[in-house]
Every structure is written in C-alpha cells, then in structure tokens.
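Worksheet: one structure, shown below.
The values are calculated or read from the model by the stated rules, or taken from the named source; none is laboratory data. The model shown is predicted, which means the values in this text are computed figures rather than measured ones. Cβ coordinates were reconstructed from backbone atoms using ideal geometry, including for glycine residues, and neighbour counts include every protein chain displayed.
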Amino acid sequence: MVLTSLLGLLQACVYVPRTTAFYDADCQVSARRMDLEPLQLASIQHCGNEGAVVLLVAAGATAAASAIVSGSIVIVGNVAYWFEKQGRCRRESP
C-alpha cells in the first residue's frame, strides 16, 4: 500500500531539459544554462486492482528514466554553455 501511494505521487511525470538565457554582468555577455523541468502528463485515478499497480510501477520507471536521460543532457549542455561563455567572456582587468 505504501509503495502504491509513493508511486502515485510520480504518476506520469517526466523530466525535460529546459534552456534559459541570462545576462552575466561579470563577463558582460548573454549566456545560457539548462535546468530540469518536471511535467505531469497524466493522472491515474481510483487505483484498486493489479492492473493499476502495474501502471503505477511503469509510471515510476518512466519518471526515473526521464530524470536520468534528461539529467545527463542538462549536465552536458551546461558544460558546453560554460565553455561557450568562457570563450566570449569580456572580464575587465583591475
């Protein structure tokens, strides 16, 4: 019962990478960074049979897989954006 309740919180959620732009005043450039954004795709209501438990387990596995894949994309993207920003950085020397 506890497992079903915990998986119910994850139901049909996926994580997607999102790119945002910002201005870095220290480098005097516009830069980008990536973050993970959770999205809820669907909701499973009135779970009471074995089929519903299977759906909840599948939803939990989907959420975990999307977090791993999207998290990897975010890490690689942020490293690339960091190098891009360092190459364009116009930091003033004192």
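Tabulated values for the structure
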| quantity | calculated |
| --- | --- |
| Unmet criterion (only one of (1) loosely packed, with under 15 Cβ neighbours inside 10 Å; (2) small (Gly, Ala, Ser); (3) modelled with pLDDT under 90) for Ser30 | (3) |
| Residue match in the stretch 49-62 (condition: modelled with pLDDT under 90 and not in a helix (DSSP H, G or I)) | yes |
| Counted residues, the stretch 68-84 - those being buried (at least 16 other Cβ atoms within 10 Å of the Cβ) and either closer than 10 Å to Leu36 by Cα or in contact with a helix residue (DSSP H, G or I) (Cβ under 6 Å, 6 or more places away or on another chain) (or both) | 2 |
| Filter result (touching a residue at least 40 places away in the same chain (Cβ under 8 Å) and polar (S, T, N, Q)) within the stretch 55-79 | Thr62, Ser66, Ser70, Asn78 |
